[in-house]
Amino acid sequence: MYTNMVFTLFVKFYIVVGVFQLCQTLAQQHEQIQSESCTHCCNGIPGIPGIPGTTGALGPKGDSGLPGLDGEVGTTGEKGEKGATGKPGPKGDTGPAGIGGVKGEQGTKGDTGSMGGQGVQGSKGDMGAPGQVRHQPKVAFSVAITSNINRVSADTVVIYDKVFSNIGNGYSTVSGKFTCSVSGTYVFMISALRENSNDSLFVCLMKNTERLTCAYANTGSPYGTGSNNIIIDVEQGDEIWVRLAANYALHSNENRYTTFAGYLLFSNQD
């Protein structure tokens, strides 16, 4: 198609050149006629023009003409075969975050990790508010006997006649018993001396009618001693006392060998 267009342009070009040359020839003949007219006036009537000569030789190639008009758009060609896949392009920018998915089920608990190192010690905290002062009741007594108690025929309450202290007035020299006025935890102690005779020593610390603990000394050596102590909870109104068992005796004098003591360790009050 392109070759036909070139050939057509080439033919048109030569036609134009031929017309141009013909116009030049006619112009030359017109000038000659005018010149001959002047000569005819002087020399007579010009003769009949001669037969045109043969076509001259092809002149030199002229300058290139102006570009031709665009041709009509041709029909679309058939689709070519699929080309080979090109190399991957550069990584594009990260797109916007997508919508969050549905929360999955909780997984199984993992194994316990190893213990980490000790952290840095924190700063000292602020001082706390002052606490409430709790009033602690004071209860204590310490007593002794100052004379012998010979062998008794029945269980007997030991009445201590010497009072060293009786804070709270819980001990009675009449009954020989300590009556609890403040419920709480108490410490009680007994110590006794056996007389230098054939009598043994056997005393017990009592809570009301309950036997708590005892002290014993036999006749194996002169003036044998026995002692014991206990920490117990006592309720208000309970009686703590020492019982001398039947057929046993106690020894004491102004040296006060046989003693009984107790004190409140802490109360049960809030």
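The values are calculated or read from the model by the stated rules, or taken from the named source; none is laboratory data. Here the structure is a predicted model, which is why all the values come from computation and not from measurement. For neighbour counting, all protein chains shown are included, and Cβ atoms are generated from backbone atoms with ideal geometry for every residue, glycine included. In case anyone asks, the SASA skips ligands and DNA or RNA and just uses the protein heavy atoms, side chains included. Shrake-Rupley method; radii C 1.70, N 1.55, O 1.52, S 1.80 Å.
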request  = Identify the GluC sites (Glu not before Pro) of segment 170-258 meeting these criteria: DSSP loop state and at most 15 other C-beta atoms within 10 Å of the C-beta.
outcome  = Glu235, Glu254
note = Carbon plus sulfur, as percent of the 1.4 Å-probe accessible area of segment 164-270, comes to 43 percent
ask   = Near Lys177, which lysines are there with a Cα under 26 Å away, not counting those fewer than 8 places off in the same chain?
value = Lys138, Lys162, Lys207
query = What value does segment 138-270 have for Rg/Rh, both radii from Cα atoms and Rh as Kirkwood defines it?
reply = 0.98
query = Just the accessible area per residue of segment 169-270, please: how many Å² with a 1.4 Å probe?
reply = 48 Å²
note = Net charge (Lys, Arg +1; Asp, Glu -1) of residues whose beta-carbon lies under 13 Å from that of Thr156, Thr156 excluded, is +2
Difference of contour (0.36 nm per residue) and Cα-Cα distance, Glu81 to Glu105 = 3.5 nm
